[in-house]
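The values are calculated or read from the model by the stated rules, or taken from the named source; none is laboratory data. For clarity, every value in this text was computed on a predicted model and none was experimentally measured. So basically every Cβ, Gly included, is an ideal-geometry build from the backbone, and we count neighbours across all protein chains shown.
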Amino acid sequence: MTPGELTLDDLPIRDDLRGRTPYGAPQIDVPVRLNTNENPYPPSPELVAELAEEVRRGAGELNRYPDRDASALRADLAAYLGHGLDASRVWAANGSNEVLQQILQAFGGYGRSALGFEPSYSMHPIITTGTSTEWIGGVREDDFSLDPAKAAAAVEEHRPDIVFLTSPNNPTGTALPLETIARVLEAAPGMVVVDEAYAEFAREGTPSALSLLPSHPRLIVTRTMSKAFAMAGTRLGYLAAHPAVIEALLLVRLPYHLSTLTQAAARVALRHRVELLGTVDALRRERDATVEWLRGKGLTVADSDANFVLFGRFPERRAVWEGLLERGVLIREVGPPEWLRVSIGTGEEMAAFRAAMEGVL
Ligand SMILES: *Cc1c(COP(=O)(O)O)cnc(C)c1O
C-alpha cells in the first residue's frame, strides 16, 4: 500500500471513534458571515494597540514557560464575574471547549456517562464521546423549554456522572429559569455543568447560575470570551466552581496550557470590557428586531436570549440555506430538521440577511 492509499479506516484508531465525523461549521469566505455566533464588531484600534504592546512585552520572555496557573488572569475573570468569586474559584483554558474537555477528563471517562437535553450544543456529545464517556440525549418540550419535573426525572432515571444544561441554549436561544437548574442539581448524583456561553446576551431579568454556586458545590458554570467579548480568535474560556472542583481540573490539565500571549490578550480584553460589552446592547436590539421581522414573514421563530435566532420551519432547509449562500449570506444549517440558525451581525449585515431572505422566500 502506498501512503496515498491509506485511509482513516486503515488506522488502528479507537473503535468508538470509527465512523464519526468531526465538528465542522463551514468556514466559507462570503461577504456576510452569520453562522458561528461570533460578535461582528472587531476590536477598536486602542485595544489593538494595547494588545500589541502587551504581546511585545510578553514576546521578550517567550523563552520561559507561562504562568502555569494563570493566576492574574483568573483573578481578573473572578472580578469580572462578581458574585464574591476569587481566583481559587475560577479556571481558564483555550476556549470553553477545552474547559469542557477538562471537566469530562476529570469527572467522566470510560464506564461513566453524561446527559444533555437536545437539541443543544453539538460539542457536548462530541467532547463526551471523545473522552470515552457515554452520551445520553434527553429531550426538550416542543418550544425547546425544559420541564423541571421531567428534566429531574430523566436525571434520576439515568443517574449520569455529568449533566449539561445550556442557558441560553444553542441553537435554540432558550434560557433556563433558576428553578429548573436547582431541580436538576437536587436530582443529579454527580456534576452539573451550566454552559453560559451566551449569558451576556440574555434579556433583562434572566438570572445566571452563578448565584447558585454558594449552595451547590457540584455546580460548574462555564463562560467564554468568544461571544459577547468579541474575542473568538483569542481562544479563552473559563468556569466558576467550588475550589475543590478546580483542584480536580489541575489533575488533568496539560501544564502551561494557556500561552503567555493568550493570557496577555485575555487580560487586555478584560481591561477593555466596557468597550467590548458595549456591543451587546446593539446586538440584543438587532436580535429582537430579527425575531419580529421573521415572525412578520409568517415564520416560526424560537424566543432568543442569545446572539442568534433559530427559525423555520422549512421542509427543504438545505435549499433555503443554499439560496442565502448564493446571495452572499452564510447562516447555519443546525438544530432540529426544518430549522435554520442565523447569528446576529451588524445592522448592515442583518439588512443583507433580510434582503437575501426576501429573495429566497
Ligand atoms: C460558542 C459556544 C461555546 C464557546 O466555545 P469556545 O471554545 O469558548 O469558543 C461554548 N458553549 C456553547 C453552547 C457555545 O455555543
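A few comments on the model shown:
- Test result for residue 252, away from the ligand (no atom under 13 Å from the Cβ) and surrounded by fewer than 19 Cβ atoms within 10 Å (Cβ to Cβ): yes
- Options 268, 301, 342: the member that is closer than 18 Å to residue 228 by Cβ and more than 19 Å from the chain's Cα centre (by Cα): 268
- Within the range 31-50, considering residues that are of a type in the set (Ser, Thr, Tyr) and more than 15 Å from the ligand (Cβ to nearest atom), the one farthest from the chain's Cα centre (by Cα): 44
- Complete set of residues in the range 142-193 that are within 16 Å of the ligand (Cβ to nearest atom) and part of a helix (DSSP H, G or I): 181
- Test set (1) at pLDDT below 95; (2) surrounded by fewer than 16 Cβ atoms within 10 Å (Cβ to Cβ); (3) within 30 Å of residue 71 (Cα to Cα) - residue 279 fails condition number: (2)
- Flag for residue 270 being closer than 13 Å to residue 74 by Cα, within 13 Å of the ligand (Cβ to nearest atom) and in contact (Cβ under 8 Å) with a residue 60 or more places away in the chain: no
- Test: residue in the range 107-124 that is more than 16 Å from the ligand (Cβ to nearest atom), crowded, with 18+ Cβ neighbours inside 10 Å, within 24 Å of residue 197 (Cα to Cα) and within 20 Å of the chain's Cα centre (by Cα): yes
- Condition check for residue 130: closer than 19 Å to residue 341 by Cβ, touching a helix residue (DSSP H, G or I) at 6+ places or on another chain (Cβ under 8 Å) and in the same structural domain as residue 212 (by TED's automatic domain parsing): no
- Whichever residue in the range 214-246 is more than 10 Å from the ligand (Cβ to nearest atom) and among the β-branched types (Val, Ile, Thr) and, among such residues, is nearest to residue 271 (Cα to Cα): 221
- So residue 80, is it farther than 30 Å from residue 24 by Cα and within 16 Å of the ligand (Cβ to nearest atom): yes
- Filter result for residue 85 (over 25 Å from residue 23 (Cβ atoms), crowded, with 20+ Cβ neighbours inside 10 Å and either touching a strand residue (DSSP E or B) at 6+ places or on another chain (Cβ under 6 Å) or among the acidic types (Asp, Glu) (or both)): yes
- Hits in the range 153-175 (condition: in contact with a helix residue (DSSP H, G or I) (Cβ under 8 Å, 6 or more places away or on another chain) and surrounded by 19 or more Cβ atoms within 10 Å (Cβ to Cβ)): 155, 161, 162, 163, 164, 165, 166, 167, 168
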